[in-house]
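Please read the structure below before turning to the comments.
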Amino acid sequence: MNTHKIALIPGDGIGRDVTNAAWAVLQTVANTSGFALEGTEFPWSCAFYKQTGRMMPEDGIETLRGFDAILLGAVGWPAEVPDSVSLHGLLLPIRKAFVQYANIRPHRLLPGVEGPLKAEGFDILCIRENTEGEYSGAGGRVHQGTEDEVAVETAIFTRTAVERILRFGFEQARARRGKLASVTKSNAQKHSMVFWDEITRKVAADYPDVEVTSYHVDAISARMIMAPESLDVVVASNLFGDILTDIGAAIQGGLGFAASANINPGRSAPSMFEPVHGSAPDIAGKGIANPMATIWSGAMMLDHLGEKDAAARVMAALSSVTAIGIGTVPGKDSTDAITAAVIAALTSSKD
Ligand code: GGG
């Protein structure tokens, strides 16, 4: 029997609830699909930071390298650890070290979920550059604590990273509806985004079958709300993609539905799967976090691991549950109730 080794990092706040839920669903589908998932849990989180002074041990990356994939819940507990420390101590180093350069976030309505728009339907795949750009961490502060203090945050755009993310986007567009939106702001950012546009045109020449349009980030933000059905694949830099995918989450009914995959397309290291949402301290411990985003991310993990049928079964189970109104209204159904309904749908689909 095929066994996939999965590193589980529940993280902070609702991260544990949603990871437990997704893991129960994934174990159910594995047990009924003829493969095994072997999970190893790591307590890396803000609580771990409080105990050790680090978000993960010094050899954390090397420890994770031996796994087939990583399933992560949420990171951040700002009351105790600054968000800049928790993000730069766990999530961003994993994405960079494992060259998970493509952050993929699907935005569509599950059956029975209305979302805030009157849109008939939409199916957007946002692809966010995940290793550099505005989240490079390059910069510093001088004259700290004085009137003359200066903070510099330098966005890094390399030809290698911009070209590979655009190429990845064009491949996805080719496999979908053949439309690619390249997100820019080259009227204002006359170095990095002019460079981004040049590389978009260069890569586009290799994909004459894909219809490519460059949108300024402000214009595409409005378009995602006013005409989301006009978009197919959207490729953006790290910061622009982070922001646009919160809009994507909002129009698909909320962050409880927004899944994501941090993919190393060359498979030289494990990829990581996580909901778009964070640790949600306001609802942590209440048992009402929507686990669907993490379950959907788990389906993306199965797909990446080659368990395509199992991934499709999880998505069908999620859809059948939302179609009867379970998990569609924030806070109405408990995490446990939603998880039990998805597991029941999976089990009955095998009968
Ligand atoms: N689900 C992982 C998590 O905690 N995400 C919250 C967050 O702030 N992410 C930042 C990012 O995706 O770059």
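The values are calculated or read from the model by the stated rules, or taken from the named source; none is laboratory data. Please read all numbers here as calculations on a predicted model, not as lab measurements. Backbone-built Cβ (ideal geometry, glycine too); neighbour counts: all protein chains shown.
For VAL342, the test of being buried (at least 20 other Cβ atoms within 10 Å of the Cβ) and touching a Gly at 6+ places or on another chain (Cβ under 8 Å) is failed.
Rundown of residues vs (1) in contact with a Cys (Cβ under 7 Å, 6 or more places away or on another chain); (2) more than 25 Å from GLY11 (Cβ to Cβ), yes/no style:
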{"residue": "PRO82", "(1), (2)": "no, no"}
{"residue": "HIS107", "(1), (2)": "yes, no"}
{"residue": "GLY121", "(1), (2)": "no, yes"}
{"residue": "GLU134", "(1), (2)": "no, no"}
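For the stretch 267-279, the criterion of being aliphatic (A, V, I, L, M) and assigned to a loop (DSSP other than H, G, I, E, B) is met by at least one residue. Against the definition (at pLDDT below 95, over 19 Å from the mean Cα position of the chain (by Cα) and farther than 19 Å from ALA30 by Cβ), how does LYS332 come out, yes or no? The answer is yes for LYS332. A single entry from GLU147, GLU163, GLU171 fulfils the requirement of being more than 30 Å from GLY254 (Cβ to Cβ) and either touching a strand residue (DSSP E or B) at 6+ places or on another chain (Cβ under 6 Å) or assigned to a helix (DSSP H, G or I) (or both): GLU163.
Residue by residue, here is whether (1) surrounded by fewer than 20 Cβ atoms within 10 Å (Cβ to Cβ); (2) of a type outside the set (S, T, N, Q); (3) within 23 Å of ASN264 (Cβ to Cβ); (4) modelled with pLDDT of 95 or more holds:
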{"site": "TRP296", "(1), (2), (3), (4)": "no, yes, yes, yes"}
{"site": "ALA299", "(1), (2), (3), (4)": "no, yes, yes, yes"}
{"site": "LEU302", "(1), (2), (3), (4)": "no, yes, yes, yes"}
{"site": "VAL314", "(1), (2), (3), (4)": "no, yes, yes, yes"}
{"site": "LEU318", "(1), (2), (3), (4)": "no, yes, no, yes"}
{"site": "SER349", "(1), (2), (3), (4)": "yes, no, no, no"}
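Between LYS190, LYS185, which is farther than 24 Å from ARG95 by Cα and touching a residue at least 24 places away in the same chain (Cβ under 8 Å)? Full working, then the answer.
Values: LYS190 fails: touching a residue at least 24 places away in the same chain (Cβ under 8 Å).
Every option except LYS185 fails the conditions.
Counted as qualifying within the stretch 1-96 are the helices (runs of 4 or more DSSP H) with 1 or more residues that are modelled with pLDDT under 95 and either buried (at least 17 other Cβ atoms within 10 Å of the Cβ) or within 16 Å of the ligand (Cβ to nearest atom) (or both), namely 83-86.
On the given criteria, is GLY121 surrounded by 14 or more Cβ atoms within 10 Å (Cβ to Cβ) and either of a type outside the set (Asp, Glu) or within 30 Å of TRP196 (Cα to Cα) (or both)? Walk me through it before giving the result.
On the way: surrounded by 14 or more Cβ atoms within 10 Å (Cβ to Cβ): no; either of a type outside the set (Asp, Glu) or within 30 Å of TRP196 (Cα to Cα) (or both): yes.
Criteria not met by GLY121.
Across the stretch 221-278, the number of residues qualifying as surrounded by fewer than 17 Cβ atoms within 10 Å (Cβ to Cβ), in the same structural domain as THR328 (by TED's automatic domain parsing) and either near the ligand (Cβ under 9 Å from one of its atoms) or over 23 Å from ARG167 (Cβ atoms) (or both) comes to 0. All conditions but one from (1) surrounded by 15 or more Cβ atoms within 10 Å (Cβ to Cβ); (2) within 15 Å of the ligand (Cβ to nearest atom); (3) farther than 30 Å from SER319 by Cβ apply to GLN100; the one that does not is (3). In the stretch 21-45, how many are within 14 Å of ALA69 (Cβ to Cβ) and among the polar types (S, T, N, Q)? Residues in the stretch 21-45 being within 14 Å of ALA69 (Cβ to Cβ) and among the polar types (S, T, N, Q): 1 in total. Among the residues of the stretch 180-210 satisfying the criterion of being in a helix (DSSP H, G or I) and among the polar types (S, T, N, Q), which is surrounded by the fewest Cβ atoms within 10 Å (Cβ to Cβ)? In this case the residue turns out to be SER192. Among the residues in the stretch 148-162, are any touching a helix residue (DSSP H, G or I) at 6+ places or on another chain (Cβ under 7 Å), touching a residue at least 40 places away in the same chain (Cβ under 8 Å), within 16 Å of the ligand (Cβ to nearest atom) and not small (Gly, Ala, Ser)? Looking through the stretch 148-162, none of the residues is touching a helix residue (DSSP H, G or I) at 6+ places or on another chain (Cβ under 7 Å), touching a residue at least 40 places away in the same chain (Cβ under 8 Å), within 16 Å of the ligand (Cβ to nearest atom) and not small (Gly, Ala, Ser).
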